[in-house]
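Trainee: The structure's right below; bear with me while I get my questions together.
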Amino acid sequence: MIDDQTVSALDTAAGCGTRLRQAREAAGLTLEDVGARLRMPVQVVKSLEEEQWQKLGAPVFVRGQLRSYARLLNVDISQLLEQAQVGPVVPPTLVSHTHTPRARRIAENLGRRALYVGITAVLAVPVWFATRGHFDDSAPAPSTASLDAIPAAVPVTPPVAGSDAAVASAPVAAP
């Protein structure tokens, strides 16, 4: 047989999240509405109602979120915080990366350098092949004479009348 003290202890143990959910439903709010008003993700609100404190982070944050949620729903904050048995949250195990084995560090450095050499080869080699003819000593040097100067060895002959050159060079009369 269960006595009255056992029933009240069960109510208070499971009462925090249940009271929040009941107050939310009585106010006619959905989880999304509460999340939008409190600027909290819906998963956080859901975890508060399900009393899954380990999903929410440090106890100080959980108490703050509970306080905000209780104020929104006009639920007694002090009673709610006493009921919520927010236990210590075990922080995640940190892994130090300063003790990376020497062989792994060397392999990572060599891989990084090989990547840089590969990128340089992909970009620089085509450019080098495209411009390599400019540096070839066996190719004749291009002429740098002025285009304004007429060579003296080439005689200039006037066009013969009736030829295509004469018709093309004849002045056009304006109408």
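The values are calculated or read from the model by the stated rules, or taken from the named source; none is laboratory data. Nothing here was measured: the structure is a model prediction, and the numbers come from that model. Every residue, glycine as well, gets a Cβ built from its backbone with ideal geometry; the counts of neighbours run over all protein chains shown.
Trainee: Could you check, for the stretch 40-55, whether at least one of its residues is loosely packed, with under 14 Cβ neighbours inside 10 Å and modelled with pLDDT of 90 or more?
Mentor: yes
Trainee: For the stretch 69-77, indicate whether the set of residues that are modelled with pLDDT under 90, in contact with a helix residue (DSSP H, G or I) (Cβ under 9 Å, 6 or more places away or on another chain) and hydroxyl-bearing (Ser, Thr, Tyr) is non-empty.
Mentor: Yes: one or more hits.
Trainee: Shifting gears a bit: Looking at this structure, is ARG113 at pLDDT 80 or above and either closer than 30 Å to LEU29 by Cα or in the same structural domain as VAL44 (by TED's automatic domain parsing) (or both)?
Mentor: Against the criterion (at pLDDT 80 or above and either closer than 30 Å to LEU29 by Cα or in the same structural domain as VAL44 (by TED's automatic domain parsing) (or both)), ARG113 does not qualify.
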